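Inspection log for the structure reproduced underneath, given as structure tokens.
Values quoted throughout were computed directly from the atomic coordinates according to the rules given, and no laboratory measurement underlies them. From a predicted model like this one, the values you see are computed outputs, not experimental measurements. Positions of Cβ are generated from backbone atoms using ideal geometry, with glycine treated the same way; all protein chains shown enter the neighbour counts.
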Amino acid sequence: MTQPRRPGQSLRPRASSPKLWPHLACGPSKTARQRRTVVERLVNNAIHVIDKLVNRDDSRWRSRDLHGIVLEADQRRSSMHHARATQRTEAKATQGRRRLDPDARRDQILHAAIALLTKRGLSFNTRELAAGLGISHPLLFRYFQSKEDIVDAVFETVYLNRFSPQMRQAIEERTPDVVRKWTEFYRVYAPKIFDETWVRIYISSALQQETISRRYFKLVVIPLITRMAEDTELYCLGAVQPPSSPVRAKSLELAWMTHSSLFYSGLRRWVYDLEVPDDIVGIMAMRVKSHFAGAKAVLRDHDMRRSRSGRRRVAK
């Protein structure tokens, strides 16, 4: 029969106890809290041992000693403590984070993705994006199913939404005053794309053969260049030329030169870090006037040479 503990008697186990309870080292050097923790562990282990004894499988019980059961219980408890510590760490990481409604959270993720693409290009990964926002990776995928969905949302926000239906209608308009028409168009269009985010993401997409630059070319740039070439022919020659004519090839090239100068201004500022005037609207107005004045000389000279060649063939 176990003797009751006398007042002041140490809780140090007997000499044989460390073989059974190797993790218990309770003595005068321990603080009261440490001793209480040791006792609580001892009680929990005892409860686990009793549960094993009551619900034991005799064949398994004979192959295992009490020491193994205690070690198993201690390992399980350590795992549980580790899980709780992980939960506390995650709670601290999310402490102070405001709960947002779904639309606000999606906008937050989208704008963070735009900022990350501006700095890193399309080589970013979704874990990096989630970590920068201080949210979990699974939460990110509640709003975007994949990285491709994020890129599509960036394309729509940065590129398609800046090219409004009114701008598309403006370039489709047929008017004899084409200089005024295109000056007014670039007054609205130029500030929207003369932007670091627009330029850097566009270049990154083009270099990595991603879909942003190709889709923008197909949906915006090609129709724009084609209409500018037709207006150039109408202004210089009085009529729109057939798409397969030599004149169309020249007018397209002239339109590319004028339109590309806007993009190159952004390239000079945000890639080459060179000085570019802030008045991009005034610069594009100057380039539009130069385009139509120069095109008149080029296309009329081509038309005159073609007329002389035709007259010589008739004379022969």
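Odds and ends about this structure:
- Subtracting the Cα-Cα distance of Asp107 and Asp152 from their residue separation scaled by 0.36 nm leaves 14.8 nm.
- Pairwise label distance in nanometres, Thr126 with Asp279, each label 7 Å out on the Cα-Cβ vector: 4.9
- If the segment from Glu253 to Gln34 were pulled out straight at 0.36 nm per residue, it would be longer than the present Cα-Cα gap by 70.5 nm.
- Segment Ile114-Glu184, length gained on full extension (0.36 nm per residue, minus Cα span): 22.3 nm
- Computed 3J(HN,Hα) for region 130-147, one whole-Hz value per residue from the Karplus formula 6.51 cos²θ - 1.76 cosθ + 1.60 where θ = phi - 60°, is 5, 5, x, 8, x, 10, 7, 5, x, 4, 4, 7, 6, 10, 9, 6, 7, 4, glycine and proline marked x.
- Percent RCO, i.e. relative contact order, over region 102-154, from Cα pairs under 8 Å lying at least 6 residues apart: 40
- Expressed in units of 2.2 N^0.38 Å, where N is the residue count, the Cα radius of gyration of region 162-315 is 1.16.
- Check: region 202-292 dipole with +1 on Lys, Arg Cβ and -1 on Asp, Glu Cβ, in debye: 260
- Computed as a quarter of the hull surface, the mean projected area of the alpha carbon convex hull for region 102-154 stands at 3.1 nm².
- Relative contact order (%) - criterion: Cα under 8 Å, at least six apart; region: region 162-315: 29
- At R0 = 22 Å, FRET efficiency that the Cβ-Cβ distance of Asp301 and Ser244 yields, to 0.05: 0.60
- Calculated FRET value between Met286 and Glu172, using beta carbons and R₀ = 30 Å, to 0.05: 0.75
- Separation of the Ser136 and Arg84 label points, Cα + 7 Å toward Cβ, nm: 2.0
- Two-site FRET efficiency, Ala293 against Asn161, from Cβ-Cβ distance with R₀ of 51 Å, rounded to 0.05: 0.90
- Cα-based Lys pair tally, region 162-315, threshold under 26 Å, eight or more apart or on separate chains: 10
- Three-way shape label, region 128-174, alpha-carbon gyration tensor, a/c 1.5: prolate
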